[in-house]
Every structure is written in C-alpha cells, then in structure tokens.
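S.K.: Dropping the structure in here first, questions after.
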Amino acid sequence: MSTSDFSPELPGEFSNWKDTPPIDPNLIAEWSKNFFGPLSSGSNVDELVLSSSKIPNEIPADSQGIISQAESASGVNSWTPSSGAGYTRVPDLGLSGAGVPTFPGGLNVPGSGQGLPGQNSPFSFLEDFRSFDSKAQNIQISDPFSFSPSLVPSVDISSGNFDLSYARKDFPILEEKVNGRNLVWLDNAATTHKPQAVIDRLSHFYKHENSNIHRGAHTLAARATDAYEAAREKVKGFLNSSSAEEIVFVRGATEAINLVAQTWGRQNIGKDDEILISWLEHHANIVPWQMLCSEKGAKLKVIPVDETGQIILSEYQRLLTPKTRIVAFTQVSNALGTVTPAGTMIELAHKQGAKVLLDGAQAVSHMPVDVQALDCDFYVFSGHKVFAPTGIGVLFGKKEILDQMTPWQGGGNMIQDVTFERTVYQPAPFRFEAGTGNIADAVGLGAAIDYLNKFGMIRIAEYEHSLLEYGTKELKKIPGLKMIGTAPDKAGVLSFVLEGFKTEDVGRYLAQEGIAVRSGHHCAQPILRRFGLESTVRPSLAFYNTCEDIDSLIRALYDLKGGRTSGPL
C-alpha cells in the first residue's frame with residue numbers, strides 16, 4: 001500500500017511546516033481554548049494559526065501578536081498569522097451530521113460528542129495524566145498523531161477521526177518480535193491486548209489497594225472497595241445502563257450466560273416452552289440452553305441465516321410464538337463478523353412476551369453499545385475482548401428482572417444474614433457475586449473503559465470499518481481465496497478459506513511470518529457447517545491495527561500461494 005492509494009484531497013488539509021515535528025490537530029484545538037475559549041461546531045472558527053516555535057507541542061510565551069483575528073466578508077471568522085508562521089487547518093472535532101455513522105443492529109447511537117474527552121481532560125491517547133506512579137507518567141508527547149496515509153485507511157478526517165493507529169504505542173506487547181519479525185496481531189476476536197494504562201492500574205492496585213472488599217474498616221479495604229465499585233459505575237456508563245445495580249461481575253460471557261440459564265431459566269422455563277437461538281452462536285450461547293432444555297423438557301429452536309451469514313428475519317418472525325420464553329443471540333458473530341439486526345429482533349421478541357439475552361462479547365470493542373436503546377433484558381461480555389484482563393466479565397440485567405432471580409451460587413458476600421434455619425440474601429447485583437470476586441481485574445476492566453473513552457467508540461467504529469473494507473477488498477484479490485461471511489453489516493472479522501491449503505497450514509505459515517490469526521472452528525461449529533466447512537482462517541481486527549498489518553497478511557498469503565515457503569504444506 002502506498003500514498004497513491006489515498007485521495008490527495010483528504011479533508012482537513014493536514015500539513016507540516018517545513019521540518020518541524022508533526023502537529024496534532026486535537027492539541028491545536030486544546031491550545032485554542034486557552035486563547036479564545038472552547039470551540040464548538042457552531043463557533044464559526046475556521047482556521048487556527050500556529051506560531052513559528054521549533055519546540056513541538058508548545059505555544060511560546062511571546063505568542064502575543066502571532067495570532068490575530070480577521071472577519072471575512074462572509075462573516076466567517078478565520079485566524080491568520082501576523083508574520084511568517086506555519087499553519088494547519090483544524091477539522092471539525094464534533095461528531096454530527098454525516099460524521100456520525102448509522103450503526104447496524106438496531107442501535108440508536110447517542111448524540112454527537114459521545115465518548116469525546118471531557119473539557120478538563122487532555123486530547124491525548126497517552127496516559128500522561130495518571131494519578132498513580134508509572135513509568136508512562138513521564139512520557140513526553142514528541143510525535144503526536146502525524147497524518148501518514150500509509151497507515152491510515154480512507155476515513156473522513158473532517159468528521160473528527162484522526163490516526164487511531166497511534167494507539168499501538170500504548171500496547172507494549174505489540175513491540176514483540178516473532179521469528180525475527182514484528183508481531184502482527186490479527187487474533188483480536190480471540191482476545192485483545194492490554195494497554196499500558198491497564199497494566200499500570202493493575203500494578204497500582206496490588207501495590208497500594210490490595211484487600212478484600214465490602215467488609216473491614218481498615219484503609220486498604222476501603223480503597224479496594226471504592227476501586228471495585230468505581231469499576232461497576234464505569235461499566236454502567238459504558239453500556240448506558242440506568243443503574244449500577246444492573247451490573248453483575250462474573251468471570252466472562254460464558255459464565256454470564258450460564259448464570260441466566262441456571263437462575264432465570266430454571267425459574268421461568270417449563271415443559272414444551274421454547275428457547276430461540278441463531279445459527280451464528282458461539283458454543284457458549286448454545287450448550288447452556290441445551291442443558292436447560294434437557295432438564296426442563298423445553299424445545300430449542302434455531303433461527304436460520306442466509307448465504308451471506310445474516311439472520312433471515314422472516315424466518316425469525318415465523319419461529320416466534322407465545323411459547324417463546326427467551327431469545328438468546330449474538331450481536332456480532334465471532335466466526336463471521338456478521339452484525340445482527342438486534343434492535344428489530346428484540347422488539348419482535350418483546351411483542352411475543354419473550355425475554356432477550358444479547359451476547360455482546362464481539363461487539364463491545366468495535367461499536368458503542370446502549371442497552372437502554374436496545375431494550376435487551378440481558379447483555380453479556382468478557383473483559384479480555386475489550387482490552388481488559390482475563391477472568392472478568394459482565395452480566396447486565398434489567399433491575400426488575402435481577403431482583404426476581406434467585407442466586408445460583410452460595411457463600412460469602414452475597415448474604416445479609418445466615419442462621420441454620422434460613423439465609424437472607426443481598427439484593428442484586430451482590431446476590432450473584434458469591435465469595436471473593438476477581439477484584440483486581442474488575443478494576444482493570446474499569447481502566448480499559450477509561451482508556452477507550454479517551455478515543456470514543458464512534459471513532460473506533462468508523463476507523464475499524466475502514467480497515468475492514470480495505471482488508472476485504474485486498475483479500476478478495478487473492479486467487480483461490482473465498483471469504484466466509486459476506487453480510488453487508490460486519491464488524492472486525494475477515495474469515496476465509498484458501499483453495500489448495502488446509503486452514504491449519506495457513507495459520508502455521510502466517511505464524512512463521514509473525515502474523516497471529518486463528519484457524520479452526522472458533523467454538524462455532526454449527527455456523528461453519530452451515531457453509532459446508534469445519535474450519536476457517538480468521539484474521540480479526542482491533543483499533544490498534546493498521547493497513548500495514550493487513551498488507552503484511554496479504555503479502556504473506558501471496559507468498560504462500562506462490563510457493564515461496566518451506567513451511568509444512
């Protein structure tokens with residue numbers, strides 16, 4: 001890929017003045033606040049002018065007179081240099097109008113500005129404002145967000161996007177070498193890597209806060225409890241839940257689904273009742289419902305998909321009946337990347353009086369999620385899929401439903417009073433968190449959410465969508481390669497098979513080249529068998545990936561096809 005792949009007329013007209021380091025447009029906007037007050041989309045500020053300072057990211061003390069305001073004939077304000085200063089055009093930092101994508105799956109994206117840094121927070125991806133000790137605390141931003149077409153897909157810069165590939169600097173593991181090559185991590189649907197902010201937050205917890213929670217009057221107990229419950233509040237905001245009491249910490253999405261099946265399911269599912277799932281499901285959203293049906297004598301029905309891997313809504317409507325008690329389906333397929341029409345499906349289920357569990361494990365790292373707008377009854381995800389530690393996950397449940405559910409495990413932390421005759425349970429969510437929970441990793445999940453909020457999930461979704469489009473286009477050019485999962489609405493996954501090669505051999509060859517992908521059935525055997533397959537090769541994306549990562553994959557596949565390898569084929 002080269003700069004010729006990109007239009008020379010990219011919005012924003014970013015340019016660097018002579019040999020000075022590249023300037024971050026967001027820092028420019030931040031500086032402008034100090035001189036002219038906050039910017040907004042209605043401020044009519046069209047251009048900002050930098051001084052001729054040779055020190056990157058610094059406005060000199062003698063900047064008076066460098067910037068002057070001039071009224072244009074049209075009444076639009078512009079900022080012009082009084083003498084010899086370089087300048088750069090600043091794009092609109094708001095996300096409104098055409099800049100806000102319409103997300104598939106029935107999600108009503110909240111108003112513009114969601115996920116943008118607050119007025120008091122720096123416009124920076126680097127963790128330069130931590131409240132705890134960290135090596136990264138002393139990092140100076142010497143090369144902020146230069147515009148490099150070879151790294152940035154064709155996103156609309158004027159909509160508020162900028163070079164999200166700079167995020168990779170915050171992920172230490174991406175500096176690893178594999179077989180003498182730079183690591184190219186394209187296995188994000190399996191797990192995501194952790195930014196330095198999360199690593200540092202875990203270290204800080206164990207150094208300064210480690211204690212059990214919800215009991216004990218000493219200082220560390222109070223610190224640990226505050227950190228744990230603060231993480232719950234952060235998850236609440238991340239999902240736009242109405243209350244932190246709707247957020248239950250679990251080990252992961254698998255445990256969350258089992259919790260619902262073994263509590264709500266046992267209470268509400270009876271003989272000949274019906275449970276609906278889709279062909280797209282991960283085994284974790286199939287097996288628990290099979291177990292419940294076997295126990296209760298209920299029926300499991302499967303929603304079919306078309307040749308592209310998308311839900312057939314007419315068939316879904318036909319399967320919904322007054323006997324349907326719950327519909328459990330994925331928001332984004334882990335095997336195909338299909339984004340399901342979740343909003344429509346939830347609405348149709350509710351019309352039949354059924355509850356809905358939405359598996360968001362593959363959605364939360366790729367798009368904004370609003371459980372109130374979706375109106376799902378349960379929502380589940382795993383922390384390790386969203387740049388947080390392993391071993392922590394979330395069950396969202398509507399408060400009125402959680403309050404009616406009995407505990408599924410007994411022990412400490414979930415009780416109010418215990419005698420030999422009876423036990424009084426805590427209210428939700430604590431009644432579902434028996435024993436000592438995964439305190440540190442819950443705190444780590446909160447740190448991951450803080451980190452993502454500095455980017456904004458809308459920006460992440462736009463950037464990844466461009467990467468997905470670029471990857472799809474380039475993969476389709478390879479002779480003998482067939483994409484598996486071609487629905488118009490997709491997120492993050494580029495599954496394929498390569499004629500003449502076993503998927504495991506493709507995976508091994510790519511590993512030799514330092515490229516990490518998943519090959520196999522991806523714990524989703526039914527959907528692959530729907531396409532007559534037992535396995536695929538599955539590259540999958542995150543916002544720290546770049547077009548260069550995709551180019552590395554494409555080159556390796558061409559080399560493999562051309563026989564320029566000594567690998568086990």
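S.K.: Under the condition of being of a type outside the set (Lys, Arg) and out of contact with any helix residue (DSSP H, G or I) (no Cβ under 8 Å at 6 or more places or on another chain), which residue from segment 515-536 is farthest from Thr192 (Cα to Cα)? Explain how you work it out, then say what you get.
M.R.: Going through segment 515-536, the residues of a type outside the set (Lys, Arg) turn out to be 515-517, 519-528, 531-536.
Of the ones still in play, those that are also out of contact with any helix residue (DSSP H, G or I) (no Cβ under 8 Å at 6 or more places or on another chain) are 526-528, 531-533.
On the way: Pro526: 25, Ile527: 23, Leu528: 23, Phe531: 27, Gly532: 29, Leu533: 26 Å.
Out of the qualifying residues, it is Gly532.
S.K.: Can you tell me which residue within segment 278-290, out of those that are more than 15 Å from Ala256 (Cβ to Cβ) and hydrophobic (A, V, I, L, M, F, W, C), is surrounded by the fewest Cβ atoms within 10 Å (Cβ to Cβ)?
M.R.: Of all residues in segment 278-290, those more than 15 Å from Ala256 (Cβ to Cβ) come to 278-280, 290.
After this cut, where a residue has to be hydrophobic (A, V, I, L, M, F, W, C) as well, the list is 279-280.
Working: Trp279: 21, Leu280: 29.
The extreme case among them is Trp279.
S.K.: Just to be sure, is Val198 modelled with pLDDT of 95 or more, at negative phi and in contact with a Leu (Cβ under 8 Å, 6 or more places away or on another chain)?
M.R.: Values: modelled with pLDDT of 95 or more: yes; at negative phi: yes; in contact with a Leu (Cβ under 8 Å, 6 or more places away or on another chain): no.
Judged against the criteria, Val198 is not a match.
S.K.: Quick test for you: out of Ala442, Ala461, pick the one residue that is touching a strand residue (DSSP E or B) at 6+ places or on another chain (Cβ under 6 Å), touching a residue at least 40 places away in the same chain (Cβ under 8 Å) and either assigned by TED's automatic domain parsing to the domain that holds Ile213 or in a helix (DSSP H, G or I) (or both).
M.R.: Ala442
S.K.: Right, next: Among the strands (runs of 3 or more DSSP E) confined wholly to segment 373-439, which include 2 or more residues that are touching a strand residue (DSSP E or B) at 6+ places or on another chain (Cβ under 9 Å) and surrounded by fewer than 16 Cβ atoms within 10 Å (Cβ to Cβ)?
M.R.: 415-418, 423-425
S.K.: Could you check Ser241 against (1) in a strand (DSSP E or B); (2) within 18 Å of Asp370 (Cα to Cα) and say which number it fails?
M.R.: Just one mismatch for Ser241, condition (1).
S.K.: Further question: Just wondering, is there one or more residues in segment 361-372 that are of a type in the set (A, V, I, L, M), surrounded by fewer than 19 Cβ atoms within 10 Å (Cβ to Cβ), under 30 Å from Thr321 (Cα atoms) and in the same structural domain as Glu315 (by TED's automatic domain parsing)?
M.R.: The answer is no, given that none of the residues of segment 361-372 is of a type in the set (A, V, I, L, M), surrounded by fewer than 19 Cβ atoms within 10 Å (Cβ to Cβ), under 30 Å from Thr321 (Cα atoms) and in the same structural domain as Glu315 (by TED's automatic domain parsing).
S.K.: Here's something else I'd like to know. Taking into account only those residues within segment 291-306 that are assigned to a helix (DSSP H, G or I) and of a type outside the set (Asp, Glu), which is surrounded by the most Cβ atoms within 10 Å (Cβ to Cβ)?
M.R.: Leu292
S.K.: Here's a follow-up. Scan segment 317-359 for residues that are part of a loop (DSSP other than H, G, I, E, B), farther than 20 Å from Thr263 by Cα and not aliphatic (A, V, I, L, M) and report the count.
M.R.: Pass one, segment 317-359, residues part of a loop (DSSP other than H, G, I, E, B): 320-323, 331, 333-337, 340-341, 352-354.
Keeping just the survivors that are farther than 20 Å from Thr263 by Cα gives 320-322, 331, 333-337, 340-341, 352.
Add one more test, that the residue is not aliphatic (A, V, I, L, M), and what stays is 321-322, 331, 333-334, 337, 340-341, 352.
Number of matching residues: 9.
Condition check ((1) assigned to a helix (DSSP H, G or I); (2) touching a strand residue (DSSP E or B) at 6+ places or on another chain (Cβ under 7 Å); (3) surrounded by 14 or more Cβ atoms within 10 Å (Cβ to Cβ)) across all residues:
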| site | (1), (2), (3) |
| --- | --- |
| Ala190 | no, yes, yes |
| Lys194 | no, no, yes |
| Leu202 | yes, no, yes |
| Phe205 | yes, no, yes |
| Asn212 | no, no, yes |
| Arg215 | no, no, no |
| Ala222 | yes, no, yes |
| Ala227 | yes, no, yes |
| Lys234 | yes, no, yes |
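S.K.: Out of the residues in segment 481-510 that are over 26 Å from the mean Cα position of the chain (by Cα) and assigned to a loop (DSSP other than H, G, I, E, B), state the one that is surrounded by the most Cβ atoms within 10 Å (Cβ to Cβ).
M.R.: Taking the candidates together, the pick is Phe501.
The values are calculated or read from the model by the stated rules, or taken from the named source; none is laboratory data. Computed from a predicted model, the values in this text were never measured in an experiment. Every residue, glycine as well, gets a Cβ built from its backbone with ideal geometry; the counts of neighbours run over all protein chains shown.
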